[in-house]
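Report on one structure; see the data block that follows.
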Amino acid sequence: MNSPFTGKEMKRVYEKRIWNFRGEQFEYIHSAWLCEDTGEQFTDDKSDTAAFVQVTNQYRAKYGIPYTDEIISVRNRYGISATKMSLLLGIGINQYRLYEQGEVPSISNGRMIRSVMNPKVMLEMIESSKNELSKSDYDKLTSKINSVIAATDTYKFEQYEIRRIYNTTRSLDNGFAPLSLFRLKNIMLYILNRCNDMWYTKMNKILFYIDFISYREHGMAVTGLSYRALDYGPVPDRWDRVYSEFPEISQELCKAGDFDGTILRTDTKADTSALSSEELDIIDTVCTNFGQKTAREMSRISHDETAWLKYKEQHERIPLYEAYTISAI
């Protein structure tokens, strides 16, 4: 961004600040551009939105309020329109639509929405609203919810797999990203479709940069993974499980000169339907910058990051707020 006073390119600066949200104070990292000649700071819609997301994610986590994608997901799981969902919950349709667009529900409304993630609770909601529904709508809704209940074992297995792969709940530890194996698989497929010679070491660093750059730019990470500072750089927690989880991604032991390791390969095209344009832009940026780098080059680059240097001695988890120290991109 150029200074409106001098026309010169401005320096990007970060500082911790406090935001008062609904009567409570939350710490966040404020991002701005500094005009060094005048001392004035400037923000844009993107940086303001990222700050708001940082704060509201903390509020949602504190009070058990679903995230925007979860609010949309529960409705899609049941195959219910926004109009019908708002009726069943007793929330005005305009208000409910705002929740799906990112507005934070009240604590009571948020917890009510979370409660109907349990299909048996949802069925009770439908019974309570029976007199407000046509017989056709009532029959259709109860049939759908009963089919979801019948598939509970499959759902429980999916949740077990999520807990097995991810090493944290949805929180600051993973940049508040969704815990979704479908998303994770297709992020990795997309990277493999775009980048050459994807050794374990290189994939570790690519994923790290995607999540930390996304958190810096948008206030939320992408993959749902958390990271530790190990000897060869930042590494996803449970990386071995992550890379062995998906049959579409094969692992091949290889040797390149004096370097022995495993390369990840795929013949499958990524399904990016669950990723936003902003998320894809971040992935593309990281792949463009690092896609042609070798595993050794990626290790050396990551070793210059404060986010690794501060935590490498004890192999600690790297906090997502270190995203604001990232220098390679």
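Which one is surrounded by the most Cβ atoms within 10 Å (Cβ to Cβ), of the residues in the stretch 78-137 that are aromatic (F, W, Y) and touching a residue at least 24 places away in the same chain (Cβ under 8 Å)?
In this case the residue turns out to be Y99.
Could you please let me know if A50 is at pLDDT 95 or above, among the aliphatic types (A, V, I, L, M) and in contact with a His (Cβ under 6 Å, 6 or more places away or on another chain)? Quick ask: steps written out before the conclusion?
Details: at pLDDT 95 or above: yes; among the aliphatic types (A, V, I, L, M): yes; in contact with a His (Cβ under 6 Å, 6 or more places away or on another chain): yes.
The answer is yes for A50.
Just wondering, is there one or more residues in the stretch 35-43 that are modelled with pLDDT of 95 or more and among the aromatic types (F, W, Y)?
Yes.
Quickly run through the stretch 234-260 and pick out the residues that are at pLDDT below 95 and either in contact with a Gly (Cβ under 7 Å, 6 or more places away or on another chain) or at positive phi (or both).
If the condition is that a residue be at pLDDT below 95 and either in contact with a Gly (Cβ under 7 Å, 6 or more places away or on another chain) or at positive phi (or both), then C254, G257 are the ones that fit.
Hey, does the stretch 174-184 have a residue that's assigned to a helix (DSSP H, G or I), over 18 Å from the mean Cα position of the chain (by Cα) and over 30 Å from D260 (Cβ atoms)?
The answer is no; no qualifying residue exists.
From G64, G7, G23, grab the single residue that is under 19 Å from the mean Cα position of the chain (by Cα) and exposed (fewer than 13 other Cβ atoms within 10 Å of the Cβ). Break it down into steps so the answer makes sense when it comes.
Working: G7 fails: under 19 Å from the mean Cα position of the chain (by Cα); G23 fails: under 19 Å from the mean Cα position of the chain (by Cα).
The unique qualifying residue is G64.
May I ask you to list the residues in the stretch 73-88 that are hydroxyl-bearing (S, T, Y) and farther than 13 Å from V116 by Cα?
S81, T83
Could you identify the single residue in S244, S226 that is over 30 Å from D44 (Cβ atoms) and either within 19 Å of the chain's Cα centre (by Cα) or of a type in the set (S, T, Y) (or both)? Outline the logic, then answer.
Numbers: S226 fails: over 30 Å from D44 (Cβ atoms).
After ruling out the rest, the residue left standing is S244.
Condition test on R241, is it farther than 21 Å from T68 by Cβ, touching a strand residue (DSSP E or B) at 6+ places or on another chain (Cβ under 9 Å), of a type in the set (K, R) and outside any loop (DSSP other than H, G, I, E, B)?
no
Quick check on the stretch 115-129. Is at least one of its residues assigned to a helix (DSSP H, G or I) and among the basic types (K, R)?
There is at least one residue in the stretch 115-129 that is assigned to a helix (DSSP H, G or I) and among the basic types (K, R).
The values are calculated or read from the model by the stated rules, or taken from the named source; none is laboratory data. Only a predicted model underlies this, so the values are computations on that prediction, with no experimental measurement involved. Cβ coordinates were reconstructed from backbone atoms using ideal geometry, including for glycine residues, and neighbour counts include every protein chain displayed.
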